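The values are calculated or read from the model by the stated rules, or taken from the named source; none is laboratory data. As the structure is a computational prediction, the values presented were derived from the model and not from experiment. Don't worry about glycine lacking a Cβ; one is built from the backbone with ideal geometry, like all the others, and counts go over all protein chains shown. Protein only, heavy atoms only, side chains kept; ligands, DNA and RNA dropped before computing areas. Shrake-Rupley method; radii C 1.70, N 1.55, O 1.52, S 1.80 Å.
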Amino acid sequence: MANLIKRIKSKDVHIAVVGLGYVGLPLAVEFASAGLRTTGIDVNAEKVQQVNDGGSYVPDVPGERIKALVADGLLSATTDYSVLKDVDCVSVCVPTPLRKTKDPDISYILDAADGIARMLHKDMLIVLESTTYPGTTEEVFLPRISSNGLEVGKDVFVAFSPERVDPGNKTWQTRNTPKVIGGVTERCAEVATALYQHAVEEIVPVSSATVAEMVKLLENTFRMVNIGLVNEMALICDRLGVNVWEVVEAAATKPFGFMKFTPGPGLGGHCIPIDPLYLSWKMKELKYTARFIELASEINANMPRYVVGRITEALNAHGKPMKGSKILIIGAAYKPDVDDARESPALDIITLLASSDCRVSYHDPYVPRLSNETWELESESDLMAAVRAADCVVIVTNHSDYDWPQVAKEASLLVDTRNALAGIPLDEKKVFGL
Ligand SMILES: NC(=O)c1ccc[n+]([C@@H]2O[C@H](COP(=O)([O-])OP(=O)(O)OC[C@H]3O[C@@H](n4cnc5c(N)ncnc54)[C@H](O)[C@@H]3O)[C@@H](O)[C@H]2O)c1
């Protein structure tokens, strides 16, 4: 171990990042930028090719940065796990989605573990970063990789360190966001800390891998539950005839004891709608119902249906039926200024509208195509022409480059789920909020 730490400190190590997505690519770039020879491993040959060509497919990572690192011989990518025979430290950033049944799908973690196990050798550090249920690292990941007699904490080192990347966040990125690390043993944590100190400014050590797994789930459950709470406030305010946005803004002036969350059309992305369900699934195994998670999940999951209800009301107020009406969705990504439409509420809203025989289209400059099992759409190329043609325009994502005053002027009817039109003088009869 002393030898591995010494080599990590002197940057005489070869790093691999498994899974070059929204999390893995920025991490690989940070390691390489710190002067550590870094190889990305991904099953997606197109991504691998793009990295090796010096290009980026993650908006937060500029292509020029990758290009320079590839040219300097610090960053490369491959689909071939056999590169691990020369690698000292591996970070695993593969997806952790849900199955159709809403149970955790850790098959990507298991595949990555099998790939690593085949190449496992002495003096190797493996850090799992993918969000998962407490116990995965020690009970599932570790037995899968360490079957060839190497002792954990002495010959090989295993830790969990949750990724906290927030795509599109210009202030908090991989380097300046504190990183929690929990080792399977104390020595595992020491080795992992030595590595991440090169890429991240502040390390937060915790006593075990399971604690580190639980930290991530607390963080994401906190967001999910608070979003569920404010979404319920939106439903309550609607019944009271009160503007929920005005209530939230005024409450947020309290300088202590309140944290602002805003209502919206539902949860999206690869984290907040999914990760807490990993925890509630685990708790079911232990015969405990994680009630806050179940409740918030239910409220958030019903928001798209509520939005469709608002669209129905809006059309009705203008004497139009749902059937046959042209509905334009503005914004398909799950949050502003990102290209990620995974789990986006736009998907559910479109599906519900299509099942009511509406003629649905969408516009999102970041998301050129959108589909689910029953439909496939391409983003409308001319936003204002689509706005003029629509019977109702629905604002789902508040990208910062949309010209809302122009949209508000040209649309005949609007449902604004993001308060994007706040401050714009409007004909109240043509705008419906949440
Ligand atoms: N996206 C976020 O904002 C975010 C934030 C924090 C944590 N996380 C967590 O990080 C993990 C990764 O998320 P992401 O958004 O980067 O996912 P992603 O889908 O963008 O990237 C995952 C990558 O892993 C690759 N992959 C899949 N199986 C593989 C295998 N067996 N070997 C090698 N590569 C493989 C995929 O091709 C893909 O490129 C998830 O557990 C997620 O919950 C994501």
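For the range 205-292, which helices (runs of 4 or more DSSP H) that fit wholly inside it have 1 or more residues that are of a type in the set (Ser, Thr, Tyr) and more than 16 Å from the ligand (Cβ to nearest atom)?
The qualifying helices (runs of 4 or more DSSP H) are 209-240.
Looking at Val90, is it touching a residue at least 12 places away in the same chain (Cβ under 8 Å), in a helix (DSSP H, G or I), assigned by TED's automatic domain parsing to the domain that holds Gly24 and within 12 Å of the ligand (Cβ to nearest atom)?
Answer is no for this residue.
For the condition under 25 Å from Ile274 (Cβ atoms) and either open to solvent by less than 50 Å² (accessible area, probe 1.4 Å) or more than 11 Å from the ligand (Cβ to nearest atom) (or both), what is the one hit in Ala68, Ala28, Ala16?
Testing whether each residue is under 25 Å from Ile274 (Cβ atoms) and either open to solvent by less than 50 Å² (accessible area, probe 1.4 Å) or more than 11 Å from the ligand (Cβ to nearest atom) (or both) leaves just Ala28.
Given the conditions (1) loosely packed, with under 15 Cβ neighbours inside 10 Å; (2) free of Cβ contacts under 8 Å to residues at least 24 places away in the same chain, and given that Gly35 satisfies all but one, which numbered condition is not satisfied?
Looking at each condition in turn, Gly35 falls short on (2).
For the range 143-162, how many residues meet the condition of being open to solvent by 20 Å² or more (accessible area, probe 1.4 Å) and within 14 Å of the ligand (Cβ to nearest atom)?
So the answer is 1.
Just checking, which of Leu217, Leu240 is crowded, with 16+ Cβ neighbours inside 10 Å and either at pLDDT 95 or above or not assigned by TED's automatic domain parsing to the domain that holds Val140 (or both)?
Leu217
Looking only at residues that are closer than 14 Å to Gly21 by Cβ and surrounded by 15 or more Cβ atoms within 10 Å (Cβ to Cβ) in the range 54-65, which one is modelled with the lowest pLDDT?
Among those that are closer than 14 Å to Gly21 by Cβ and surrounded by 15 or more Cβ atoms within 10 Å (Cβ to Cβ), it is Asp60.
Please work out which one of (1) open to solvent by less than 70 Å² (accessible area, probe 1.4 Å); (2) part of a loop (DSSP other than H, G, I, E, B); (3) over 17 Å from Ala212 (Cβ atoms); (4) within 16 Å of the ligand (Cβ to nearest atom) is the condition Trp172 fails and give its number.
Only one criterion in (1) open to solvent by less than 70 Å² (accessible area, probe 1.4 Å); (2) part of a loop (DSSP other than H, G, I, E, B); (3) over 17 Å from Ala212 (Cβ atoms); (4) within 16 Å of the ligand (Cβ to nearest atom) is unmet by Trp172, namely (1).
Could you count how many residues in the range 115-142 are under 17 Å from Ser91 (Cα atoms) and more than 16 Å from the ligand (Cβ to nearest atom)?
Counting residues in the range 115-142 that are under 17 Å from Ser91 (Cα atoms) and more than 16 Å from the ligand (Cβ to nearest atom) gives 7.
Only one residue in Ser355, Ser371, Ser344, Ser412 is over 30 Å from Val248 (Cα atoms) and touching a strand residue (DSSP E or B) at 6+ places or on another chain (Cβ under 9 Å), so which one is that?
Ser371
Give all pairs with beta carbons closer than 7 Å in which a residue from the range 101-120 that is within 17 Å of Tyr81 (Cα to Cα) and β-branched (Val, Ile, Thr) meets a residue that is modelled with pLDDT under 95 and surrounded by 17 or more Cβ atoms within 10 Å (Cβ to Cβ); count only pairs at least 6 apart in sequence or on separate chains.
Listed pairs, sorted by first residue: Ile116/Ile145.
Taking Glu376 and the conditions (1) touching a strand residue (DSSP E or B) at 6+ places or on another chain (Cβ under 9 Å); (2) in contact (Cβ under 8 Å) with a residue 12 or more places away in the chain, which numbered condition does it fall short on, given that it satisfies the others?
(2)
Restricting attention to the range 121-136, and to residues there that are free of Cβ contacts under 8 Å to residues at least 40 places away in the same chain and not hydrophobic (A, V, I, L, M, F, W, C), which single residue is surrounded by the fewest Cβ atoms within 10 Å (Cβ to Cβ)?
Among them, the one singled out is Lys122.
Taking the stated definitions as given, is Tyr57 within 12 Å of the ligand (Cβ to nearest atom), assigned by TED's automatic domain parsing to the domain that holds Ser130 and under 25 Å from Asp166 (Cβ atoms)?
Yes, satisfied.
Would you mind finding the one in Val51, Val90, Val83 that is hydrophobic (A, V, I, L, M, F, W, C) and either at pLDDT below 95 or more than 24 Å from the chain's Cα centre (by Cα) (or both)?
Unique residue meeting the criteria: Val83.
If you check Glu139, Glu186, which single one turns out to be free of Cβ contacts under 8 Å to residues at least 24 places away in the same chain and open to solvent by 20 Å² or more (accessible area, probe 1.4 Å)?
Among Glu139, Glu186, only Glu139 is free of Cβ contacts under 8 Å to residues at least 24 places away in the same chain and open to solvent by 20 Å² or more (accessible area, probe 1.4 Å).
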